[in-house]
1. Where the only charges are on Cβ atoms (+1 Lys, Arg; -1 Asp, Glu), what is the dipole of the chain about its Cα centre, to the nearest 20 debye?
2. Between Thr15 and residues 5 or more places away or on another chain, which pairs have amide H atoms under 5 Å apart, with H built 1.01 Å from N, and which residues are they?
3. Sequence gap at least 6, Cα distance under 8 Å: using those rules, report the relative contact order of the range 22-228 to the nearest whole percent.
4. Dipole of the range 320-412, Cα-centred, from +1 at each Lys and Arg C-beta and -1 at each Asp and Glu C-beta, to the nearest 20 debye?
5. Could you give each residue of the range 44-55 its phi-based ³J(HN,Hα) in whole Hz, using Karplus coefficients 6.51, -1.76, 1.60 with θ = phi - 60°, and x for Gly or Pro?
6. Counting helices only, and only those DSSP H runs with n ≥ 4, report the 222 nm mean residue ellipticity of the chain as the sum of -39,500 (n - 2.57) divided by its residues, in deg cm²/dmol to the nearest 500.
7. Which one of Ile53, Leu275, Ile216 is farthest out on the positive end of the charge dipole of the chain, using unit charges on Cβ (Lys, Arg +1; Asp, Glu -1) and the Cα centre as origin?
8. How far is it, in nm, from the label point at Glu263 to the one at Gln346 when both lie 7 Å from their Cα along the line to the Cβ?
Amino acid sequence: MTRFVVRPSPRLSGTIKVSGATKNLGCKVMAASLLAPGVTTVRNISKVDDLAIMIELLGSVGAAIAVVGEDSIEIDTSGAIIPEAPFELVSRMRASFNILGPLLGRCGEARVALPGGDSIGSRKLDMHVDGLRAMGACVEIDQGFVVARSEGGLRGARHLLEFPSVGATENLLGAAVLAKGVTVIDNAAREPEITELCALFNRMGAHIVGGGSSTITIEGVESLHPVDTTLIGDRIEVGTYLSALGIAGGEIELVGTRIDHVEMVVHKFGKMGMLISPTADGIWARASRRLTAQDISTLPFPGFATDFMPLAVALLAVSEGTAIVTENVYDDRFAFVTELARMGAQVRNEGRHAVVSGVERLRGATVVAADVRAGAALVIAGLAADDETVVADAHHIDRGYSDLPGKLRALGADIERLG
Ligand code: EPU
């Protein structure tokens, strides 16, 4: 069992390179490569655990993946593709459901296991299904699988998403790039990963206008060709190190990211008393005093991302004053606060809200990581705890972070990995 042991740490200082956005972008780029027969190269990829699952999944549908050097992979999709994604892989990682649109686009049919809910909420798939049906696909749920067919090919359609779902926008993009005619996705997700995916598809030969805005227009093309692409820095990792800085204090520089990808975090943490500025290739930040509490409400991009919420709660737990945190994206993302309370945090949760009253110091305790961001939040909370904090089930953290302990250590934190 992987555990991270965190001890009271000095103020953070130093520079680290932000890893490529592998969990929330790299895996989607890999799925997209199925639409461009040939060899797609993905650079700046980090060895998070979700990458290993996606490599297995693409292998199982017939792609050949080679890891090249420290941070690149080559995906060869020139062979025959089997349009079936098995339960044992899809159930381990929700991003694997992103294979549905590309499989349908390439093969005209797809059978993808339902990923199920997870520890942050029910996470439905109705918008993926409705969108594909609007494009003429016949989609059924059969014995735990989504079975989709598009006899005669997919047709472009206008589709209004009920909520700007990241995954539904991505799956519909994957289905629409090779569909006949024009698809319009209204109320599309605007996350930087979507902008990147649209740009990638365009470089592959697609015709997409409006990526990064609420209306994306896709004119179907006959075929796509593979490209060589480099992932942007992982913005959730950026938010994690900025939250850690707010907790431990100090001055850090993050290289390989863009401040506009974390604008709302910068705005909020700025109001709380952190100084944050752009640099030529990243972000510089300083926290010279205890931060002041601010209410936080999560929203799709450009709002305060739900993935930053557990990290922000950890920060508020040691900030001055009381704040209300409202979670608007998931229906059950506050389970981790009971673990934080074991460390002495004054936090109460009721439905989609939590009230956090900052204390000066937390207490070390053994706590359990239930998911990737909750786990990271407990780790950074440990920086401001007296005594030792042991974060159990830390394998959840490895799903999305490339060596979180090593990077925090590079900033001066006292943290080690066991098991
Ligand atoms: N939803 C529906 N129906 C659908 C699709 C989504 O009701 O058909 C709901 C979900 O239940 C959820 C909300 O819409 O309550 C948002 O879901 P969305 O589809 O936007 O999220 P996702 O694509 O499943 C990605 C990230 C998440 C991140 C969300 C929101 C990946 C692999 N995952 O998930 O990342 O929280 O977007 O930004 O890209 C994380 O990194 O810790 C993480 C959970």
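Computed from the coordinates by the stated procedures, all read-outs in this text should not be read as laboratory data. Not measured: the values here are computed from a predicted model. Glycine gets a Cβ as well: all are built from the backbone with ideal geometry, and neighbour counts include every protein chain shown.
1. Details: 39 positive and 50 negative charges, 132 e Å.
The dipole of the chain has a size of about 640 debye.
2. Glu253
3. Values: 469 pairs, mean separation 39.8, N = 207.
About 19 percent, as a whole number.
4. On the way: 10 positive and 14 negative charges, 24 e Å.
About 120 debye.
5. Result, rounded to whole Hz: 6, 9, 10, 8, 7, 5, 5, 5, 4, 5, 5, 4.
6. The per-residue figure over the chain is -8000 deg cm²/dmol.
7. Sorting the options by dipole projection puts first Leu275.
8. 3.5
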